[in-house]
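This report concerns only the one structure given below.
The values are calculated or read from the model by the stated rules, or taken from the named source; none is laboratory data. Note that the structure is predicted; figures quoted are calculated from it, not measured. Here the Cβ positions follow ideal geometry from the backbone for every residue, glycine too, while neighbour counts run over all protein chains shown. Just so you know, the surface numbers come from the protein's heavy atoms only, side chains and all, with ligands and any DNA or RNA stripped out. Shrake-Rupley method; radii C 1.70, N 1.55, O 1.52, S 1.80 Å.
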Amino acid sequence: MTGSSITAVRTRGRWIERWDPEDEGFWREEGERVARRNLVFSILSEHIGFSIWSLWSVMVLFMGPEYGVDPAGKFFLVAVPTLVGAVLRVPYTFAVARFGGRNWTVVSAVLLLLPAGAAAFVMEPGTSYTTFMVVAALTGVGGGNFASSMTNINSFYPLRKKGWALGLNAGGGNIGVPVIQLVGLLVIGTAGAAHPRIVLGCYIPLIVVAAVLAALYMDNLAPVRNDSGAVKDAARDPHTWIMSFLYIGTFGSFIGYSFAFGLVLQNQFDRTPLQAASLTFIGPLLGSLIRPVGGRLADAYGGARITLGNFAAMAAATLVVVYASAERSLPVFLVGFIALFVLSGLGNGSTYKMIPAIFQAKAVARGMAGEEAAVYGRRLSGAAMGLIGAVGALGGLGINLAFRQSFLTAHSGTPAFVSFLAFYAVCSVLTWAVYLRRAAVPAAPPVADVTAEAAAAPRQPAYADV
């Protein structure tokens, strides 16, 4: 295989006709270079998408009494983009196969101009709450970007490197949340809370840059074809829905807390918009940075092991938050809440690594090996990622609705945190029972590092070591 062979088989529109990342020679000589280039520009586009998706977590900090929106209304306002983004993740996942990863990255980036432009137009006192809701809903297109980006990068990388690559891709995207919150802090701290349009003025040019760079430097993979059968198979597989539930606990927590953090600080601890903005970005930033570490740890030790320990730690951090919330201790609250962000980011990486490993294990169980097993795993894991990402994002909606109800009835976030604690306990039990309970399945080699000998031998999935 020579360094020019990819160019030789690429047709018009930057399509790559042959792609075999599991072939170590192909990967070493040319595949890794092409995959890395696509990863870099995928991260940029997804980063801007996450920033626009979380735009209203920043805009509500600019909405003083003159806007006439109460705390419950603001929690609902930041919940709407979560719902829309979760729903859009399903069609965005399959758009990659239909239109090509590079082509859809360009389109999805350009679509971000719609919510950014609309927000710049309506952000002023006197605008109706219904109008704010509609414009907030438009930012859901930024949430859809994650699903298409992850599905695309999943196809570029071999199984042995998916945890790190997917973690890096998602972490670079997730970090768009604290970055736009930092921009909001800068605007509030310098121009004041009366100038939200400056935030949009910063992002509209960045959206154009991301779209142009994706068009110039990314590629489409011809072997990734739309396969409705894969969608049906993934939807019928119980592991798709088990992983969706677990992803609610990790990513749902991350995005839900990211959107709600500033409002909780304002309403529970009486922080001003500037004081809230100066703290809001810290948790999402740390959670985003650590996501690739979660993927790397899952590559080394197994995603299920890391995920189980992570949920146990999230439960412990939530106990700290419950105590601080009841006692109204801001320092203790910040320690516990930021720990939740870090752990949710770590868990995001480990749970997403589990998805391709589970379907690779199913391929091995069916007697497949080599490229046949890899194709099967990529086919189903790519389809499952869209469903899992969509359901997981709904966790963000649940968190914001829980906070809304908690502040409406108890004027405190404590009841909401108690419910989150119970959920993390259920996630811990489910992870252990399905993927780590040794009595459930015979011992088998780790799925994340299946050898040729192991691939030929097992007759059922090695879920105990996913």
Checklist entry - Once the piece of chain linking residue 114 and residue 161 is laid out straight, how much longer is it, given 0.36 nm per residue of separation minus the C-alpha distance between them? => result 13.4 nm
Checklist entry - What's the lysine pair count for the chain at a Cα cut-off below 28 Å, pairs eight or more apart or interchain? => result 9
Next on the checklist: If packing is taken as the average count of other Cβ atoms within 10 Å, what order do 423-436, 150-163 fall into, highest mean first?
Outcome noted: 150-163, 423-436
Checklist entry - Distance in nm between label sites at residue 437 and residue 124, each 7 Å beyond Cα in the beta-carbon direction? => result 6.1 nm
Checklist outcome for this item: Non-local residues with an amide H under 5 Å from the amide H of residue 15, with H modelled 1.01 Å from N and Pro and chain starts lacking one, are 220
Checklist entry - If you stretched the chain out fully between residue 66 and residue 15, how much longer would it get, using 0.36 nm times the residue separation minus the C-alpha to C-alpha distance? => result 13.1 nm
Checklist entry - Rg/Rh for the chain: what does it come to with C-alpha atoms and Rh from Kirkwood? => result 0.98
Checklist outcome for this item: For residue 419 and residue 191, extending 7 Å from Cα along the Cα-Cβ vector and measuring point to point gives, in nm, a value of 3.7 nm
Checklist entry - Any idea of the accessible area per residue across the chain, 1.4 Å probe, to the nearest Å²? => result 36 Å²
Checklist entry - Say a paramagnetic label sat at a point 7 Å from the Cα of residue 328, along Cα to Cβ; which residues of the range 408-423 have their backbone N under 15 Å from it? => result 410-414
Checklist entry - Any idea how far apart residue 275 and residue 212 come out in nm if each label point goes 7 Å out from Cα toward Cβ? => result 4.3 nm
Next on the checklist: Quick check: at a probe of 1.4 Å, how many percent of the accessible area of the chain sits on carbon and sulfur atoms?
Outcome noted: 67 percent
